[in-house]
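Asks: Below you will find the structure I want to go over with you.
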Amino acid sequence: MPALPKQKTLSLPDVDLCVFEWGVPGGQQVLLVHATGFHARCWDQVVAQLPEDWHIFALDMRGHGRSGNVEPFAWPQFGDDLLKVCEMLGLQDAIAVGHSMGGHCVVHACGHGAKYFKHLVLVDPVILSPEAFKNSTRHQFASVDEHPVARRRSNFATVTDMHDRYALRDPYATWDAKVFADYCEFGLVPSSNGAGLELACPAKVEASIYMADFDINLYALIPTIEKPVVVLRALPRDASSQEVDFSASPTWPELADQFQRGQDVLLPELSHFIPMQDPSLVADFIKAGAT
């Protein structure tokens, strides 16, 4: 697959979204949707291992990457945005791949627009069990400012500055080196104050997404989805823990069973950051979806 994608802008009624495009129109379509706080180019190393004659799209969700930083940063809104993107890209029989929040949104899009897809690969999606949803502690902080993510460092002098600061820290130290380099290079934009670079997904935007209400309507949509669905998941979180643990799986262990044609794949050797740790594995599951 060519290393450099084409970049295009899709203008929705209230926000411009950035989409990166690889491959050949007319080939097998793939739609890649990133996690909260990440961006489209985190998929580059997965894309590099897909067939050259496929037609692949990776989206920067609102508030992320090169897309507009426009509210609302709400889970149902992200799902509705994705549905509009599917229409604007003219998707048909696409393989949709979503990591974390991206998996949540892919289910939303397929539940409302099955015609766009032939197969779903949900990579540790943020879809809790109904009981866990009811008891979720995502509102344990009084405000977005109190969320620990809101206090993360947002400004860097250079991409190298960001890379060197985090390369040996968890969870980044467990990632594929090329994925981590892509995360840093494309996760920064020129600073609004004109000095250096800043996170493309501002820390407060990321924190507000973690604190927002999930799309509870997914529970009614999931049993209606007839497309084949593969759920890749890491070991689950400790339900009794009150700590914010981004390395453990947020996925309902019985999620795959709720789909008409679901397959559960437990990956105990990996963390929630499955695409960052093993892009080859994710690419293999995408290619299997085309058969």
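Asks: Does segment 258-282 hold any residues that are farther than 20 Å from Pro171 by Cβ and either acidic (Asp, Glu) or crowded, with 22+ Cβ neighbours inside 10 Å (or both), and which are they?
Replies: Once the filter is applied, which keeps residues that are farther than 20 Å from Pro171 by Cβ and either acidic (Asp, Glu) or crowded, with 22+ Cβ neighbours inside 10 Å (or both), segment 258-282 yields Phe259, Asp264.
Asks: Pairs please, first residue from segment 17-31 and surrounded by fewer than 16 Cβ atoms within 10 Å (Cβ to Cβ), second anywhere and assigned to a strand (DSSP E or B) and of a type in the set (D, E, K, R), Cβ atoms under 8 Å, 6+ apart in sequence or on different chains.
Replies: Close Cβ pairs (under 8 Å, with a partner that is assigned to a strand (DSSP E or B) and of a type in the set (D, E, K, R)) amount to Glu21/Lys6; Glu21/Lys8.
Asks: Additional query: Among the residues of segment 171-201, write down those that are surrounded by fewer than 20 Cβ atoms within 10 Å (Cβ to Cβ), part of a loop (DSSP other than H, G, I, E, B) and in contact (Cβ under 8 Å) with a residue 60 or more places away in the chain.
Replies: Across segment 171-201, the qualifying residues are Pro171, Asp176.
Asks: With the requirement that a residue be farther than 17 Å from Glu254 by Cβ, of a type outside the set (A, V, I, L, M, F, W, C) and surrounded by fewer than 16 Cβ atoms within 10 Å (Cβ to Cβ), what does segment 202-223 give you?
Replies: Once the filter is applied, which keeps residues that are farther than 17 Å from Glu254 by Cβ, of a type outside the set (A, V, I, L, M, F, W, C) and surrounded by fewer than 16 Cβ atoms within 10 Å (Cβ to Cβ), segment 202-223 yields Asp213, Asn217.
Asks: State whether one or more residues within segment 111-119 are in contact (Cβ under 8 Å) with a residue 60 or more places away in the chain, assigned to a strand (DSSP E or B), touching a Gly at 6+ places or on another chain (Cβ under 6 Å) and not aliphatic (A, V, I, L, M).
Replies: Yes, because at least one residue in segment 111-119 is in contact (Cβ under 8 Å) with a residue 60 or more places away in the chain, assigned to a strand (DSSP E or B), touching a Gly at 6+ places or on another chain (Cβ under 6 Å) and not aliphatic (A, V, I, L, M).
Asks: (1) outside any helix (DSSP H, G or I); (2) modelled with pLDDT of 95 or more; (3) surrounded by 14 or more Cβ atoms within 10 Å (Cβ to Cβ): which one isn't true of Phe141, the others all being true?
Replies: Single failed check for Phe141: (2).
Asks: Could you tell me how many of the residues in segment 144-170 are buried (at least 16 other Cβ atoms within 10 Å of the Cβ) and in contact (Cβ under 8 Å) with a residue 60 or more places away in the chain?
Replies: Summing the residues that are buried (at least 16 other Cβ atoms within 10 Å of the Cβ) and in contact (Cβ under 8 Å) with a residue 60 or more places away in the chain in segment 144-170 gives 3.
Asks: Give segment 97-112 a look and list any residue that's of a type in the set (A, V, I, L, M) and either farther than 15 Å from Asp80 by Cβ or touching a His at 6+ places or on another chain (Cβ under 6 Å) (or both), or say none.
Replies: Across segment 97-112, the qualifying residue is only Val97.
The values are calculated or read from the model by the stated rules, or taken from the named source; none is laboratory data. Owing to the predicted nature of the structure, the values given are computational and were not obtained by experimental measurement. Heads up, the Cβs are rebuilt from the backbone with ideal geometry, glycines too, and the neighbour counts pull from every protein chain shown.
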